[in-house]
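Structure first, then comments.
The values are calculated or read from the model by the stated rules, or taken from the named source; none is laboratory data. In this text the structure is predicted, and so the values were computed from the model without any measurement. Every residue, glycine as well, gets a Cβ built from its backbone with ideal geometry; the counts of neighbours run over all protein chains shown. Please note that ligands, DNA and RNA were not included when accessible areas were found on the heavy atoms of the full protein model with its side chains. Shrake-Rupley method; radii C 1.70, N 1.55, O 1.52, S 1.80 Å.
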Amino acid sequence: WDIETVNPIHPNNKHYAVLNTTNVGAALVNDGHDGIVVRKGEKYNLTIFLKKLDGAGKVQVSIVNGSDVLAETTLSGALDWKQCKAVLTAKADCDNARLAITPQQAGRIAVDFVSLFPQKTFKNRQNGLRPDLAQLLADMHPKFIRFPGGCVSHGQGLENMYRWIYTVGPLWERKQISNIWNYHQSMGLGFYEYFQFCEDIGAEPLPVLPAGVPCQNSSRGGHGQ
């Protein structure tokens, strides 16, 4: 597989994967963060963008635990970017499942914005919060919620500052960045979701905005204050 930038889904996210399949059965696999947790009978929303390049059009997307297939679906791409959706229902509990994308024909196919998201969220919000953690906060009856945090906002140097405008709108149009702790932020949890959560629990939103000064722990931009 390769990473390409020609004609992406959106200018904010220029990189996408191209799978070049010579032997059908090869898969692109993601194990999440130390495994993907799924529960028997629960439903998971799958979203993936596909674009046919040379021959290949269909992909099988599976939740797997070793050789066991816990859920699967087959999706077809088009000559231009096509958003494909499916609902996967887990056949068994698993704490360390993986997501496998397996082209069904030889050839090249472009893949971007792969999302596997549980339907069961706090208040059943689409792209919502993990219900147990959100409920724990709700039960504290906070008067306000401060977000997204100071070090996140000020970033790793001025070019890495948190810009709220990139955290609203369709998820695949949100501009993704790394943060001061050097891990990736998809911005799937953005200003929209924070305000929504405040509304759901009756808390006053307290947004944090960057002041144009890098965090004091930044290794770029003069070490902040």
Point to revise | Translational diffusion coefficient (Stokes-Einstein; Kirkwood radius from C-alpha pairs) of the stretch 73-189 at 37 °C, 0.692 mPa s, in µm²/s | key: 184 µm²/s
Practice item. Averaging sequence separations of C-alpha pairs under 8 Å and six or more residues apart, then dividing by the length of the chain, give the relative contact order as a whole percent. Key: 20 percent
Check your understanding: Once you put a point 7 Å from the Cα of E199 and another 7 Å from the Cα of V213, both along the Cβ direction, what distance in nm separates them?
Key -> 3.4 nm
Revision key, fill the gap. Percent relative contact order for the stretch 101-190, counting Cα pairs under 8 Å at least six residues apart, stands at 15 percent
Point to revise | M140, M161, ranked by accessible area, largest first (probe 1.4 Å) | key: M140, M161
Check your understanding: Per-residue accessible area for Y166 at 1.4 Å probe radius, Å² rounded to 10?
Key -> 80 Å²
Revision key, fill the gap. Taking Cα atoms, the helix 191-201 axis meets the longest principal axis of the chain at an angle in degrees (rounded to 10) of 70 degrees
Review point. What number, in percent, do you get for the relative contact order of the stretch 16-111 if the mean sequence gap of Cα pairs under 8 Å and at least 6 apart is divided by its residue count?
Key: 49 percent
Review point. In nm, to one decimal, how far is the modelled label at E42 from the one at L79, with both set 7 Å along Cα→Cβ?
Key: 4.2 nm
Exercise for review: Taking all protein chains together and a probe of 1.4 Å, list E72, E4 from the most accessible to the least accessible.
Suggested key: E72, E4
Point to revise | 13 Å beta-carbon shell around F117, net charge (K/R +1, D/E -1) | key: +3
**Study point:** Probe 1.4 Å, accessible area per residue of the stretch 1-122, Å²
**Key:** 54 Å²
Check your understanding: What figure in square angstrom, to the nearest 10, would you give for the accessible area of K43 with a 1.4 Å probe?
Key -> 90 Å²
Review point. Given (i) 0.94; (ii) 1.01; (iii) 1.10 as candidate values of Rg/Rh (Cα atoms, Kirkwood Rh), which corresponds to the one derived from the coordinates?
Key: (ii)
Check your understanding: Taking only DSSP H segments of four or more residues, each worth -39500 (n - 2.57), what value at 222 nm results for the chain once the sum is divided by all its residues, to the nearest 500 deg cm²/dmol?
Key -> -3000 deg cm²/dmol
Check your understanding: Using a 1.4 angstrom probe and counting only protein chains, how large is the accessible area of V208 in Å², to 10?
Key -> 20 Å²
Practice item. Can you tell me the FRET efficiency between L206 and D54 if r is taken as the Cβ-Cβ distance and R0 is 35 Å, rounded to the nearest 0.05? Key: 0.10
